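Structure first, then comments.
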There are 2 protein chains.
Amino acid sequence: MTGKNKISRRQFVTSAAAVAAISSFPARSAFAVEVGKAATSTSSPQTSVTLTDNPAGRDQGVENLNKSPHAKLRNVPVRAVTIQNGFWGQRREINASKSIPTMHDLLEANGRMNNFRRLVGKSDAAQQGPVYSDSDVYKWTEAVGFVLQSGDRPELRASAEKVIGEVVAVQEPSGYLNTYYVDDHKSLRMSPQTQTTGHELYNIGHMLQGAIAYYRATGDRKLLDAGIRFVDDFLLPNYGPAPKKPIVSGHPEIEMGLIELYRITGDKRQLDLAGYILQGDKRIELPEHRTIYMFSGTPFTERTKLEGHAVRAMYACCGATDYYMETGEDSYWKSLNTLWNDMTTTKMYVTGGVGSRSDGEAFGDAYELPNFRAYGESCAAIGNMMWSWRMLAATGDGKFTDVIERALYNGINSGMSLDGTTYCYRNPLAFDPSTGDKIRNPWYDTTCCPPNLERIFGSLPGYFYSTRNDGIYVHLYDNSELDWHLENGTRLKVTQKTDYPWDGNVEIAVTPAQPADFVFYLRIPGWAEKAQVAVNGKSFPGAKPGEYLAIRRRWSAGDRIHLLAEMTPQVLEANPRVADDTGRVAVQRGPLVYCLEELDQPSGVDLSNVAIEVGKQPESEFQSEMKTDLLGGVLLLRHPGVSYERNASASTLYPRYTGATARTARVPLSFIPYYAWANRQATAMQVWTPLLKS
Amino acid sequence: MTGKNKISRRQFVTSAAAVAAISSFPARSAFAVEVGKAATSTSSPQTSVTLTDNPAGRDQGVENLNKSPHAKLRNVPVRAVTIQNGFWGQRREINASKSIPTMHDLLEANGRMNNFRRLVGKSDAAQQGPVYSDSDVYKWTEAVGFVLQSGDRPELRASAEKVIGEVVAVQEPSGYLNTYYVDDHKSLRMSPQTQTTGHELYNIGHMLQGAIAYYRATGDRKLLDAGIRFVDDFLLPNYGPAPKKPIVSGHPEIEMGLIELYRITGDKRQLDLAGYILQGDKRIELPEHRTIYMFSGTPFTERTKLEGHAVRAMYACCGATDYYMETGEDSYWKSLNTLWNDMTTTKMYVTGGVGSRSDGEAFGDAYELPNFRAYGESCAAIGNMMWSWRMLAATGDGKFTDVIERALYNGINSGMSLDGTTYCYRNPLAFDPSTGDKIRNPWYDTTCCPPNLERIFGSLPGYFYSTRNDGIYVHLYDNSELDWHLENGTRLKVTQKTDYPWDGNVEIAVTPAQPADFVFYLRIPGWAEKAQVAVNGKSFPGAKPGEYLAIRRRWSAGDRIHLLAEMTPQVLEANPRVADDTGRVAVQRGPLVYCLEELDQPSGVDLSNVAIEVGKQPESEFQSEMKTDLLGGVLLLRHPGVSYERNASASTLYPRYTGATARTARVPLSFIPYYAWANRQATAMQVWTPLLKS
């Protein structure tokens, strides 16, 4: 234990209220109500835990980096950013009003809550779902927690409160909590074999994340206290370096949970345990293929490439980055950069998706990026965003933000249907409906992706800004208002007006409570090859794509920044080592990767027979049209193309190459944003289109 | 039992000798010796079995179709064709003198023979290897059997005799024989679960094939009698349609074995059992994904596409074609053609390999033919050849021979190293050594491919010719001599002189014992777009690629056929639905598919940066050179190409497409035959090369 102040729950409430007053923010009613409610309604035993951070939960961001010595940036709370009507506002409203409630019902219908009730005699149903089913409940709770950080939704809050009550009711006196390793399975608890495949600590990692998000929203510590008991009472006394029993992280996740817990308790044992887990424990001997697959069980700092199960790898990298931000250990930093470069230069789809193999849900070899067979699990793209977010916090480097944006707008956003009720597990970059694959489904027995998408959309406001000791960073663009303060306490509002991602014009009003000198770090997206910045109508030089433009001046209410990032369609090719994309190009406009769906093409055109006809100025030949009635409102792109008329019989698999271009018919090709694919009838889709040079 | 003559072993010997005399062939000494030896050395119990076919084993081909009512063609015995010095002569000598002996030693070293000895108290070693390990011993025995059909090799024969003695020694009085389902596993025998995954009948299928090949070589019935006892004493009385116990073919193979056994015993119960197995038995309920994977367990005649485990599918199709040739059932013929078309128009590599997914060693979707990640198991290409051979026998249609040749020269031949001691399990069409994959290995714990390659090379002479009621077919070309007879008994020698596959010039001497009218069906390979045929120096019209040219005349000693199949390099493209080959071409010359290996290209050239520069006459720009000192002697092809100089940093995964051709350097590209790849140091390889149109 560190020597920091111990505060009781009552003190915590007082403290939070005090801070709200100090920072002159109107205490949002939901929070105030919730805190009071939590203090009276909880029935969990009183625990005495160090909470180091004042202001407490409600002022913490998606991560609490306020005391992290090796983080350059600090998060702002989700509640400090209001995303208004626009691209993400629409998505987030559906997330909160449809996705999360229907997922709650599906978790119920599929017995996930009965798994808890059964253990206290309130259900006769048999255990249902895989060993990691508890985690889906926790991830759903985390999604609710994030949503409530943006404002109260009494029905969601009531649902979550009930869920939390039913979860904590089954915690054992030892602190252990799991609905699978009970009864006949009890003897298997925390055995090396179970640790390798049983997801006990993975579940608890998600429990901690869910608990913290809910605590930050409401001040309700019930689930958080249960998580602390698991860690402090069950895990720490019994597991760790010899002579304690060994741990192996079969599916990394606990590392992130432990470190975020450390960040609010200040209990360094929790950080140290995460570091121990990240290095593996030789006492649990594992075959190499297993440590590759698990991306754990051997020292993280000896890893040199991304391989094995993609989500495991991403979560391990998240945890390792968190560990670095707390400890500054060079060996971690070196490995993290090696791995991030390996991912972004050899193993990432243009959509930001990662993990190309369905076999093992795994990273492939370098440049192994198949399109039809792409796995690109939604959770892995989310893991990529979460990791890149941590790398950004450690550095302030815009290259990480470019990857966040790429993943968010494309490989993540594609994971949830536009109506918010069906989800992708795989996010392929080409699709053939004749395979019979059903790509969007309301429920998966391994339902990791749906609540993961829900929590990421719930947490999105927390990704818009960061603070730094000398100012503020803006990372993402959408109609929104930041109401927060600089690290020196200066209260600051920042308002964005924009049609992003359909238009690269962003008007930013910077409103400090009083005139103040600070740096406004304005993100110039990597795709924005022509970006102009003006401050109060006057051009501000130095904008470079992929970097933050540091606007250092004395800011006063009424100041305006104008970013004009010219958003023209761009034609991308792939590194020639990506054999799957040879002779093909992809279309991107702003942050959005585009694709062709066959049903948008002229009648009778077969997607496998089309090519895009590219002249010397391919990008000038696009026509764009905002279609408000299509797919929730998208900007459609059209470009000249051709449709081959095959001379050879369609049944010939390997015809002679004739040397002449096959007879072609000109067809206009219509591209839609990739995220919106598969929201109508099943039809062929492709991101990478063959190139016909004219 | 049918009413055909029962003959004892003694009668069989007599009969074989009699036939040898009747057909005026000099009885080859190996056979004569072996038959006598078998008659005295066997200690297996006397069985009384119907052998319907006179002349017996030694005059039977790789399949005995002599009485198959729905086979248009009949096989000629392996021993009737002597492959002389040339392409296959070299491979076959290495196969017999190195591959098969070293595989024997590896089977020993890896405990496969101790598995048998253990059961009779002659070894204390634990059971070693997977449940299907017995099959590898049987496949090795089959390889020896085929080699001995071409002439005696006393050491091989002695090895095989010892192996066979040790196998038959463990057969149980019930007829059951398996080294895995003993002791603790005995209770699992033939349970539905074991049948699904335990390979008991798969093992016996290979045992029957091995036994029959060895019997045909030597007259030794020891192993064959053991196989007959398994079938007649254990299987037939107890398993089959209700009220007997049900069978499911977890890995098809027994079907082929049973039908070939029927073809020499005439016991129709064996054929009927194969038919029963091919239709599945509803009493064993299986999930759909399992019957897809196994390509069995549901009616074969309801299958409409190739899917699931590729080797299982190929062996099922072989068995079903055999069943069709015996029964003529239309529903089989319809399904077989549907499946064969599905394979050759959507799921076959240009190498004749099949089964593109490593996940499940399975067929992919239509047109799913990745190159780097190609599975293309050697066994599956062999299965393709064996199936296409059966389809050819049923029809006499040259389209099947084209696939046989494609698989044999490429996707099969690649499976064994040139020195005959290492083997491919996978046969990818592109390779990146940085993956660390070791593509050729002397031993696999699942060592199905190595002895499978050995048996196919051993049996090769049997694939050169067939007879038909009106004449003779030649299917394959190499220096060789056929010494056999037409179906009407006319003795016939056919001699080929050629440099095939390096040259499409084949001189064929046709020497009937006396002048005779018959049709010589001369195969015009599918690739031979310009083929000329002359008979006795005079042009013979009508040659069409992919068909047999029927040369109907009165043949006399001294007659000569001259086939000139113009063998120029051909540039192939893939059907546009094969996304992996977009913008790429492959090079084929004669039956050989070519590839690039990086170490043959100019120093510093990176294979992922090259393109082939194709003008209007791409095929006229090849230069060829016979390199006798390279890779056992290969014809090298050179073609102009370019090496890109990348403007973008090599580390950029998705650069902007510039519209301009990247700066390039001209490089001559050197192609080698695909079968010879990976016989030197590990280096990048690709079959499909990007196309740069000039």
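Per-structure values
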| read-out | value |
| --- | --- |
| Residue count, the range B:376-406 (criterion: in a loop (DSSP other than H, G, I, E, B) and within 17 Å of the chain's Cα centre (by Cα)) | 2 |
| Selection status of A:E481, at negative phi, touching a strand residue (DSSP E or B) at 6+ places or on another chain (Cβ under 7 Å) and touching a residue at least 60 places away in the same chain (Cβ under 8 Å) | yes |
| Condition met for A:D402 (within 12 Å of chain B (Cβ to nearest Cβ), farther than 27 Å from A:L549 by Cα and of a type in the set (D, E)) | no |
| Test: B:L563 is over 30 Å from B:H639 (Cβ atoms), touching a strand residue (DSSP E or B) at 6+ places or on another chain (Cβ under 6 Å), more than 14 Å from chain A (Cβ to nearest Cβ) and in a strand (DSSP E or B) | no |
| Test: residue in the range B:382-398 that is touching a helix residue (DSSP H, G or I) at 6+ places or on another chain (Cβ under 7 Å), within 30 Å of A:K305 (Cα to Cα), more than 14 Å from chain A (Cβ to nearest Cβ) and crowded, with 24+ Cβ neighbours inside 10 Å | no |
| Residue selected from the range A:357-369 under the condition assigned to a loop (DSSP other than H, G, I, E, B) and facing chain B (nearest Cβ under 9 Å), by the criterion surrounded by the most Cβ atoms within 10 Å (Cβ to Cβ) | A:L369 |
| Residue match in the range B:305-312 (condition: within 12 Å of chain A (Cβ to nearest Cβ) and either touching a Leu at 6+ places or on another chain (Cβ under 6 Å) or surrounded by 24 or more Cβ atoms within 10 Å (Cβ to Cβ) (or both)) | no |
| Count - residues of the range B:497-526 that are in a loop (DSSP other than H, G, I, E, B) and touching a helix residue (DSSP H, G or I) at 6+ places or on another chain (Cβ under 8 Å) | 5 |
| Residue in the range A:488-497 that is more than 23 Å from the chain's Cα centre (by Cα) and either assigned by TED's automatic domain parsing to the domain that holds A:G89 or within 25 Å of A:Y675 (Cβ to Cβ) (or both) present | yes |
| Looking only at the range A:95-138, and only at residues there that are touching a Leu at 6+ places or on another chain (Cβ under 8 Å) and of a type in the set (A, V, I, L, M, F, W, C), the one that is farthest from A:D503 (Cα to Cα) | A:M113 |
| Subset of the range A:341-356 (residues that are at the interface with chain B (Cβ under 8 Å from one of its Cβ atoms) and surrounded by fewer than 21 Cβ atoms within 10 Å (Cβ to Cβ)) | A:N341, A:T345 |
| Any hit, the range B:201-209, residues being touching a Leu at 6+ places or on another chain (Cβ under 6 Å) and assigned by TED's automatic domain parsing to the domain that holds B:S174 | yes |
| Given (1) polar (S, T, N, Q); (2) crowded, with 23+ Cβ neighbours inside 10 Å; (3) touching a residue at least 24 places away in the same chain (Cβ under 8 Å), number of the condition A:T582 does not satisfy | (3) |
| Yes/no for B:Q209 being part of a helix (DSSP H, G or I), out of contact with any helix residue (DSSP H, G or I) (no Cβ under 6 Å at 6 or more places or on another chain) and closer than 23 Å to B:A316 by Cβ | no |
| Answer from A:L224, A:L271 - the residue that is part of a helix (DSSP H, G or I), under 16 Å from A:Q171 (Cβ atoms) and touching a Phe, Trp or Tyr at 6+ places or on another chain (Cβ under 9 Å) | A:L224 |
| Odd one out for B:G297 among (1) at positive phi; (2) outside any loop (DSSP other than H, G, I, E, B) | (2) |
| Filter result for B:G420 (in a helix (DSSP H, G or I) and either in contact with a helix residue (DSSP H, G or I) (Cβ under 9 Å, 6 or more places away or on another chain) or more than 20 Å from B:P591 (Cα to Cα) (or both)) | no |
| Residue match in the range B:311-320 (condition: charged (D, E, K, R), in the same structural domain as B:I254 (by TED's automatic domain parsing) and either part of a helix (DSSP H, G or I) or modelled with pLDDT under 95 (or both)) | yes |
| Test: residue in the range A:636-644 that is more than 9 Å from chain B (Cβ to nearest Cβ), of a type outside the set (G, A, S) and within 24 Å of A:R91 (Cα to Cα) | yes |
| B:Y654 being touching a Leu at 6+ places or on another chain (Cβ under 8 Å), within 14 Å of chain A (Cβ to nearest Cβ) and aromatic (F, W, Y) | yes |
| Residues of the range A:273-307 that turn out to be in contact with a Gly (Cβ under 8 Å, 6 or more places away or on another chain) and without any contact (Cβ under 8 Å) to a residue 24 or more places away in the chain, as a count | 4 |
| Pairs, first within 8 Å of chain B (Cβ to nearest Cβ) in the range A:611-623, second of a type in the set (G, A, S), C-beta under 7 Å, six or more apart | A:V614/A:S694; A:V614/B:G659; A:G615/A:S694; A:K616/B:G659; A:Q617/B:G659; A:P618/B:G659 |
| Number of the exception - A:G604 against (1) crowded, with 19+ Cβ neighbours inside 10 Å; (2) more than 33 Å from the chain's Cα centre (by Cα); (3) away from chain B (no Cβ under 13 Å) | (1) |
| Residues of the range B:586-601 satisfying the condition of being surrounded by fewer than 22 Cβ atoms within 10 Å (Cβ to Cβ) and either within 23 Å of A:E645 (Cβ to Cβ) or more than 13 Å from chain A (Cβ to nearest Cβ) (or both) | B:L599, B:D600, B:Q601 |
| Counted residues, the range B:567-579 - those being within 27 Å of the chain's Cα centre (by Cα) and either polar (S, T, N, Q) or within 14 Å of chain A (Cβ to nearest Cβ) (or both) | 9 |
| Residue check for A:Y324: within 14 Å of chain B (Cβ to nearest Cβ) and buried (at least 22 other Cβ atoms within 10 Å of the Cβ) | no |
| Condition check for A:L476: of a type outside the set (G, A, S), within 29 Å of A:K67 (Cβ to Cβ) and outside the structural domain of A:I212 (by TED's automatic domain parsing) | yes |
| Long-range neighbours under 6 Å by Cβ, at least six apart or interchain, first residue free of Cβ contacts under 8 Å to residues at least 40 places away in the same chain within the range A:538-559, second exposed (fewer than 12 other Cβ atoms within 10 Å of the Cβ) and aromatic (F, W, Y) | none |
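The values are calculated or read from the model by the stated rules, or taken from the named source; none is laboratory data. Model, not experiment: these values are computed from the prediction. Using ideal geometry, Cβ is built from the backbone for each residue, glycine included, and neighbour counts are taken over all protein chains shown.
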